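Before any comments, here is the structure.
The values are calculated or read from the model by the stated rules, or taken from the named source; none is laboratory data. Nothing here was measured: the structure is a model prediction, and the numbers come from that model. Positions of Cβ are generated from backbone atoms using ideal geometry, with glycine treated the same way; all protein chains shown enter the neighbour counts. Quick note on the areas: whole protein, heavy atoms, side chains included, nothing else; ligands and nucleic acids left out. Shrake-Rupley method; radii C 1.70, N 1.55, O 1.52, S 1.80 Å.
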Amino acid sequence: MQNKNPAPKANYFIFMVLILYVMIASSALKNFNVYLQGLPLSPGWHLAASLAALGLLGAGLVLLNKWLQNWLSKKVDK
């Protein structure tokens with residue numbers, strides 16, 4: 001059985017970058033929710049804004065993962 005991934009250390013690098021992103025994003029989301037609570041919004045708008053921010057950060061996580069995978073595969077192939 002062959003290992004299709006030529007550089008397993010690259011997976012650890014990607015994992016660490018994504019963990020850092022999640023830590024920063026969770027702090028940003030917490031601060032954004034504190035900011036939202038200070039605004040005179042109805043609970044529905046507060047929920048919608050919180051879910052939109054969470055979706056945006058989740059999409060950023062997926063895009064960052066995809067970009068790192070492509071970038072590292074180009075670096076490993078060289």
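Report the FRET efficiency, 1/(1 + (r/R0)^6), for residue 45 and residue 23, where r is their Cβ-Cβ distance and R0 is 25 Å, rounded to 0.05.
0.35
Once you have the Cα-Cα distance between residue 12 and residue 75, take 0.36 nm times their residue separation minus that, and quote the gain in nm to one decimal.
Full-extension gain reported as 21.2 nm.
Treating only the Cβ of Lys, Arg, Asp and Glu as charged (+1, +1, -1, -1), what charge dipole size does segment 4-78 show about its Cα centre? Round to the nearest 20 debye.
Dipole magnitude for segment 4-78 comes out near 400 debye.
Taking all protein chains in place and a 1.4 Å probe, what share, in percent, of the accessible surface of segment 12-78 do carbon and sulfur account for?
With neighbouring chains kept in place, the figure for segment 12-78 is 74 percent.
How much accessible area per residue does the chain have, counting only protein heavy atoms and a probe of 1.4 Å, in square angstrom?
Result: 82 Å² per residue.
With a 10 Å radius around each residue's Cβ, average the other Cβ atoms per peptide and rank 31-39, 48-56, highest first.
48-56, 31-39
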